[in-house]
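Trainee: Structure below; questions to follow.
The values are calculated or read from the model by the stated rules, or taken from the named source; none is laboratory data. Computed from a prediction, not measured in an experiment: that's the story for all the values here. In this analysis, Cβ positions are derived from the backbone assuming ideal geometry, glycine residues included, and neighbour counts consider all displayed protein chains.
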């Protein structure tokens, strides 16, 4: 990984604007920030090389694609030293879209996206419970995502 990058106001403005609209052209972003498109290109390249910008993502409505169940799973491990091996196994389950190593009641907290309750049941019963090192799980089904937002890295 590259050395830690000292970010200036322009870098933070670029990140802020692109987090809001990753499709904006370098030329349009340059106009908005009063610099050239070439400057934006160079800055983005620098941010990518530093590992700060990891790519862009398409934001889709999962319900429109037939994914009706979002759940969060608190995972208790037999012992914390099993984290790496359990995380590796969990990464193989495509329905798990996010995994965090946590403090508190759970060793791990996973977000899972499924088309329906039957798929969730399959993942919980037939996949998760068979992973060595998982003592037990607790599942929370999301009724609604009230909001989702990016971190504000720059306040205009």
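Trainee: Looking only at segment 79-101, which residues are modelled with pLDDT of 95 or more and in a loop (DSSP other than H, G, I, E, B)?
Mentor: Within segment 79-101, 91, 92, 93, 94, 95 qualify.
Trainee: State whether one or more residues within segment 58-71 are buried (at least 16 other Cβ atoms within 10 Å of the Cβ) and within 15 Å of residue 137 (Cα to Cα).
Mentor: Checking segment 58-71: at least one residue is buried (at least 16 other Cβ atoms within 10 Å of the Cβ) and within 15 Å of residue 137 (Cα to Cα).
Trainee: Would you please name the residue that is nearest to residue 77 (Cα to Cα), looking only at residues in segment 108-156 that are touching a helix residue (DSSP H, G or I) at 6+ places or on another chain (Cβ under 6 Å) and part of a loop (DSSP other than H, G, I, E, B)?
Mentor: Looking at residues that are touching a helix residue (DSSP H, G or I) at 6+ places or on another chain (Cβ under 6 Å) and part of a loop (DSSP other than H, G, I, E, B), I get 133.
Trainee: Could you tell me which numbered condition residue 57 fails, if it satisfies all but one of (1) within 21 Å of residue 114 (Cβ to Cβ); (2) modelled with pLDDT of 90 or more; (3) out of contact with any strand residue (DSSP E or B) (no Cβ under 7 Å at 6 or more places or on another chain)?
Mentor: (2)
Trainee: Sort out which residues of segment 87-128 are touching a residue at least 24 places away in the same chain (Cβ under 8 Å), more than 23 Å from residue 145 (Cα to Cα) and under 19 Å from the mean Cα position of the chain (by Cα), and write them in order of number.
Mentor: Selection gives 89, 90, 107.
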